[in-house]
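K.L.:
One structure, pasted below without further comment.
Throughout, read-outs are computed from the coordinates displayed, never taken from laboratory work. These numbers were taken from a predicted model, which means no experiment stands behind them. Every residue, glycine among them, receives a Cβ derived from its backbone with ideal geometry; neighbour counts consider all protein chains shown.
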Amino acid sequence: MEPDAFLYLGVAYLKSQQYELAKEQLAKALKYYNGQSAETKYYCSVYENHKGHPDKALKWINESIENFLAGYSKNRPYNEEIGQMYLE
């Protein structure tokens, strides 16, 4: 199974304001990434923030940063991924 497909579908649903469908796809992505994906956790944060849950959003952001620092992020130097993360 290609977890990127679930991630990108979740991002597309978020951008089209179909939040519950986004949540389902992001959950599938996390399942297939074995819970280790900085980008997926970032978009879970976006979802929770939209739903009015800032504490949950912050939890997801912190986990996203941890995953990023541990190397669980998209890193293809010649191809920018949809929603690729960068630490600034």
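K.L.:
In µm²/s, what is D for segment 3-69 at 20 °C and 1.002 mPa s, where D = kT/(6 pi eta Rh) by Stokes-Einstein and Rh is the Kirkwood radius from Cα pairs?
P.N.:
Values: Rh = 11.3 Å.
In µm²/s, the coefficient is 189.
K.L.:
Still on this structure, I have one more. If the cut-off is a Cα-Cα distance under 16 Å, which lysines reach Lys56, setting aside same-chain residues fewer than 8 apart in sequence?
P.N.:
Cross-link targets: Lys23, Lys41.
K.L.:
Let me ask something additional. Order 20-27, 54-61, 40-47 from most to least packed using the mean count of other Cβ atoms within 10 Å. The partial results should precede the final answer.
P.N.:
Numbers: 20-27: 17.9, 54-61: 14.6, 40-47: 24.1.
Result, highest mean first: 40-47, 20-27, 54-61.
K.L.:
Each residue of segment 44-53 in turn: what ³J(HN,Hα) in whole Hz from Karplus with 6.51, -1.76, 1.60 and θ = phi - 60°, glycine and Pro shown as x?
P.N.:
Those phi angles translate into 5, 5, 4, 4, 5, 4, 4, 6, x, 10 Hz.
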